[in-house]
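The values are calculated or read from the model by the stated rules, or taken from the named source; none is laboratory data. Values in this document were obtained by computation on a predicted structure and should not be read as measured data. Ideal geometry is used to build each Cβ from the backbone, glycine not excepted, and the neighbour counts take in all protein chains shown.
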């Protein structure tokens, strides 16, 4: 072969400026970017789905009272009323926040109401008082409901 048979680039343009050169360059860049993304994902540096935030535990408005030892029914006011004694036992085992209201008229008729598992002590007090008022309407007692127990403490 002689020097004249060699092919030379006489037009001054390089391979990278031709359509096949441009396509080859783009394929190389796309391949490099893809390899970089895959590598970063495998290293857990990108693409992690964050865990949803856990809801903050709801804080009660005030601390619930700690359960106390069971009270003997004979030791509580109105404990001699069998229905009241059974309901008070249920109440005493109920979750916080809880409250109980009672009312007795001059003839010894007893009305009462309670609420348990409320969001706050104030809500338990309001619900228990309303329940007591409803009970008084049912039995026909005309007297005011008064607080009997707040949480596990008898305050009557």
Output for segment 113-156, where each listed residue is in contact with a helix residue (DSSP H, G or I) (Cβ under 6 Å, 6 or more places away or on another chain) and at pLDDT 90 or above | 113, 115, 118, 145
Which one is farthest from residue 90 (Cα to Cα) among residues in segment 116-129 that are out of contact with any strand residue (DSSP E or B) (no Cβ under 6 Å at 6 or more places or on another chain) and surrounded by 17 or more Cβ atoms within 10 Å (Cβ to Cβ)?
-> 121
